[in-house]
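**Q** Here it is, the structure in full.
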Amino acid sequence: MEYLSFGIRMTVPMFLVMAVGGFLFHRGVVSEDYAKRTNQVVFQTALPAMLFQDIAETDPQSLMDGKLILAGLLGTLLVFLISWGLAEKTIGIPGKVGAFVHGSYRGNFVYIGLPLIMNILGRDTLTCAPSVIATVLPAYNIFAVFILTIKNKNAQKVQVGKIALEILKNPMILAILAGLPFSIWQISLPYVLDQAVGYLGDLAMPLALLLIGMNIHVKNLKSHWKITAMACVCKLVLSPAVGLCLGWLLGVSNEAMVTLFVLFSVPSAANSYIMTRSMNGDGELASSIVAGTTLVSVITLAVGISVLKMVQIA
């Protein structure tokens, strides 16, 4: 019971903040336009500020964990391939296959995963997460373009250069790169700038959690419940099992193991819905998977963290 209590304490506060975001949105206190604009503030400013400060103040030797990166990339590829094979056998419809696969491997590591890691480790800085953001998250986009293109007969030819440029222009990638010189050469920001960056970074986690709540739409769950249930199993059960097995086989540290667990067990990212819809995939199914995995993850994350605590990893 002690371990389950720990898991609940780590996860429930976050989901309560998400619930507040959903309540504000559905009561009309905030509009869809406000949510979109706030998302840009978080994505373009608050999260990059937080990541920059974390990188700048971290020992450079702990930033690039080769075993963690290998486990993250290989695990993502395995989940991608397994969910694709499952979808071809059980679903078959191209647009739904693309949406299912995308929602099954792509997790909301930034908006849900980062605050969760901070809660579990009991600290305000991140050492393992930036290497995951710099390597695994770009792979998400590459896999997404691949599966959504081949499952869409009307898709345009994939432009590799354009994808690479978009990855390099990502504000979080730029923030990580900008913070590296400060970390390597142990350069300290002037007090005034450090405080300002800190204030911006402090906005990231609460706003991100509120935004998740604002973007959960359950109206499509009823018509897509079977495929959504399959996606929940892939994303919230199969995926973390794959990630943790790889971490164990590669012998990663406890902190890296926590990072892997969070990376592979967070619910599907809202970006999977946005990207699926923009590439003419099944947007309704993608939205249903995001909502379903987010709701079910309240339970699976708490149980998973309890197990990590029980085996003395968390």
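**Q** Given a Förster radius of 41 Å and the C-beta distance between Lys222 and Cys245 as r, what FRET efficiency does 1/(1 + (r/R0)^6) yield to the nearest 0.05?
**A** Result of the calculation: an efficiency of 0.75.
**Q** Using θ = phi - 60° and the Karplus relation 6.51 cos²θ - 1.76 cosθ + 1.60, list the HN-Hα couplings for region 297-312 in order, rounded to whole Hz, with x at every Gly or Pro.
**A** 5, 4, 7, 5, 5, 4, 5, x, 5, 4, 5, 4, 5, 5, 8, 6
**Q** Another one. From Cα coordinates alone, what are the radius of gyration and Dmax values for region 48-169 in angstrom?
**A** Answer for region 48-169, Rg first and Dmax second: 16.6, 49 Å.
**Q** Given C-alpha coordinates of region 155-314, what is the ratio Rg to Rh with the Kirkwood estimate of Rh?
**A** Rounded to two decimals, Rg/Rh equals 1.02.
**Q** Which one of Gly304, Gly251, Gly95 has the biggest mean-square fluctuation once the chain is modelled by GNM with Cα springs under 10 Å?
**A** Gly251
**Q** Which FRET efficiency value, to the nearest 0.05, is calculated for Lys162 and Met64 with the Förster distance at 30 angstrom and r the Cβ-Cβ distance? Walk me through the numbers before you get to the answer.
**A** Numbers: r = 27 Å, r/R0 = 0.89.
Efficiency, from the Cβ-Cβ distance: 0.65.
**Q** List the lysines whose Cα sits under 22 Å from the Cα of Lys169, skipping any in the same chain fewer than 8 residues away.
**A** Within the straight-line limit of under 22 Å, Lys169 reaches these lysines: Lys36, Lys157.
**Q** Convert each backbone phi in region 62-68 into a coupling constant with the Karplus relation 6.51 cos²θ - 1.76 cosθ + 1.60 (shift: θ = phi - 60°), then list the ³J(HN,Hα) values in order as whole Hz, x for Gly and Pro.
**A** The phi angles translate into 8, 7, 10, 8, x, 5, 5 Hz.
**Q** Karplus couplings for region 10-24 from phi (6.51 cos²θ - 1.76 cosθ + 1.60, θ = phi - 60°), rounded to Hz, Gly and Pro as x?
**A** 6, 9, 4, x, 5, 6, 5, 5, 4, 4, 4, x, x, 4, 4
**Q** Please say if region 27-105 is rounded, prolate or oblate, where rounded means a/c under 1.5 for a ≥ b ≥ c the square roots of the C-alpha gyration tensor eigenvalues, and otherwise the choice is prolate for a/b larger than b/c and oblate otherwise?
**A** oblate
**Q** Let me ask another. Using only alpha carbons, build the gyration tensor for the chain and give me the equivalent ellipsoid semi-axes, biggest first, whole Å.
**A** Ellipsoid semi-axes (Å, largest first): 28, 22, 21.
**Q** Here's a follow-up. Quick one: which residues, 5+ away or cross-chain, put their amide H under 5 Å from the amide H of Gly107? H built at 1.01 Å from N.
**A** Placed amide hydrogens put Ala269 under 5 Å from Gly107.
**Q** Students often forget the sequence filter, so: which aspartates and glutamates lie under 20 Å Cα-Cα from Lys151 once same-chain residues fewer than 8 apart are removed?
**A** Glu88, Asp282, Glu284
**Q** Also, quick follow-up: Run down the lysines and flag those whose C-alpha is under 17 Å from the C-alpha of Lys235, throwing out any fewer than 8 positions away in its chain.
**A** Lys96, Lys226
**Q** Also, quick follow-up: By how many nm would the segment from Asn280 to Tyr3 grow when fully extended, if each residue of separation counts as 0.36 nm and the alpha-carbon distance is taken off?
**A** So the chain would gain 95.3 nm between Asn280 and Tyr3.
Bear in mind these aren't lab numbers, they're just calculated from the coordinates by the rules spelled out. Just so it is clear, the model here is predicted, and its values are computed rather than measured. Cβ atoms come from the backbone with ideal geometry, glycine included; neighbour counts cover every protein chain shown.
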